[in-house]
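Encoded as structure tokens, the structure appears first; notes follow it.
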Amino acid sequence: MTDPDVVIDGTPYAELVDLGAIAKSEGISYEEAIDRFGSQSSNSRVIDKLDAELPDEISGVRYVDDQRGCAPASRVPSRLARSSWPGPSPWRSP
């Protein structure tokens, strides 16, 4: 059992142990496991903070860059969802 209060370079020791298990199960190096999956706990803290501060604006989050980062998605306010845009879609490339 790992001590939940031990932190190494800002990462809980228990998470480092989990990353070692991920590395072994995925057949990747420990360094790659840290690079690919080590940010998820800090991402969770950011997501929780965004959700607390902007509960009506954040609709979800998706992981990007091979699990190295996350991108929050925002809700479209209902007043904008009901409006019509007279020109081409601003979300598409020409």
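Odds and ends about this structure:
- Note on the range 51-65: residues that are in a strand (DSSP E or B) and either of a type in the set (Asp, Glu) or surrounded by fewer than 10 Cβ atoms within 10 Å (Cβ to Cβ) (or both) amount to 1.
- Output for the range 5-20, where each listed residue is outside any helix (DSSP H, G or I) and either surrounded by 10 or more Cβ atoms within 10 Å (Cβ to Cβ) or of a type in the set (Asp, Glu) (or both): Asp5, Val6, Val7, Asp9, Thr11, Pro12
- Scan of the range 21-35 for residues that are surrounded by 13 or more Cβ atoms within 10 Å (Cβ to Cβ) and either in contact (Cβ under 8 Å) with a residue 40 or more places away in the chain or assigned to a helix (DSSP H, G or I) (or both), ordered by number: Ile22, Ala23, Tyr30, Glu32, Ala33, Ile34, Asp35
- Residue match in the range 84-91 (condition: in a loop (DSSP other than H, G, I, E, B), modelled with pLDDT of 80 or more and over 26 Å from Thr11 (Cα atoms)): no
- Scanning the range 36-45 for residues that are under 16 Å from Pro12 (Cβ atoms) and either in contact (Cβ under 8 Å) with a residue 60 or more places away in the chain or in a helix (DSSP H, G or I) (or both) yields Phe37, Gln40, Ser41, Ser42, Asn43, Ser44, Arg45.
The values are calculated or read from the model by the stated rules, or taken from the named source; none is laboratory data. Just so it is clear, the structure is predicted and the values come from calculations on it, not from any experiment. Heads up, the Cβs are rebuilt from the backbone with ideal geometry, glycines too, and the neighbour counts pull from every protein chain shown.
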